[in-house]
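Down below is the structure, laid out as structure tokens.
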Amino acid sequence: MRFENYFNLHAGRQVDKWRHYFPIYDRHLGPFQATAQRVLEIGIDHGGSLQIWKRFFPVAEIVGVDIDPRCKAYEEDRIKVEIGSQDNREFLLSLGEFDIVIDDGSHQIRDQELSFASLWPRTKSVYLIEDCHGSYPSLGGGLRYEYPWVVAVERPQRIIKGAPSRDLREDEIEARKAYA
């Protein structure tokens, strides 16, 4: 199901999204909808998007981060809330690994860059930064896609299929372990 359907069916806490983000979510997050185990959203606001992500990613633990301690009240089954700032590298590193990261936090380039530098090495699939209204942060690594107000970075996905036709080199053995 497309993100827009989940958004339209939502009857929980308030959520505030730009409609032109919906196809971006479908393109970059949709392929991981059934498989993502941990999803992080930086910036909680009223908590409605956490509830939508919980439905969009049906098996994932959804982790929300915000500086407002009132957001802790938004925890529910499969939604965990951590209180801290995205400009605190130690805090971000304490959160662990994620399949998907959605940065809808401070919207400050320096915070977006610090968060990306801290979390990208521990992100398995996609890192998406919303609300880049002024300009895009400088990011390294991955495949980068820019849209109006959004930047998405994906891990390249290598696909290896079939039986080898000769003895494999050591690098091919390692690639098969990692990507097959």
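Could you go through the stretch 53-69 and let me know if any residue there is β-branched (Val, Ile, Thr), in a strand (DSSP E or B) and touching a residue at least 40 places away in the same chain (Cβ under 8 Å).
yes
Out of all the residues in the stretch 70-113, which are acidic (Asp, Glu) and assigned to a helix (DSSP H, G or I)? Can you show your working first?
From the stretch 70-113, those acidic (Asp, Glu) are 75-77, 82, 87, 90, 97, 99, 103-104, 111, 113; that's our starting set.
Within the stretch 70-113, 90, 111, 113 meet the criteria.
So which strands (runs of 3 or more DSSP E) are wholly in the stretch 116-180 and hold at least 3 residues that are farther than 26 Å from residue 16 by Cβ, touching a Gly at 6+ places or on another chain (Cβ under 8 Å) and of a type in the set (Asp, Glu)?
Per the criteria, no element qualifies.
May I ask you to verify whether residue 56 is modelled with pLDDT of 95 or more and surrounded by fewer than 19 Cβ atoms within 10 Å (Cβ to Cβ)?
Values: modelled with pLDDT of 95 or more: yes; surrounded by fewer than 19 Cβ atoms within 10 Å (Cβ to Cβ): no.
No: the conditions fail for residue 56.
Right, residue 105: surrounded by 16 or more Cβ atoms within 10 Å (Cβ to Cβ) and either small (Gly, Ala, Ser) or touching a His at 6+ places or on another chain (Cβ under 6 Å) (or both) or not? Break it down stepwise before answering.
Numbers: surrounded by 16 or more Cβ atoms within 10 Å (Cβ to Cβ): yes; either small (Gly, Ala, Ser) or touching a His at 6+ places or on another chain (Cβ under 6 Å) (or both): yes.
In short, yes.
Could you grab the pairs with beta carbons closer than 8 Å, sequence gap of 6+ or different chains, first residue in the stretch 1-26 and farther than 17 Å from residue 128 by Cα and at pLDDT 95 or above, second one aliphatic (A, V, I, L, M) and outside any helix (DSSP H, G or I)?
7/15
The values are calculated or read from the model by the stated rules, or taken from the named source; none is laboratory data. Everything numeric here is computed off the predicted structure, so don't read it as measured data. When we count neighbours, we look across all protein chains shown, and the Cβ atoms used for this are built from the backbone with ideal geometry, even at glycine.
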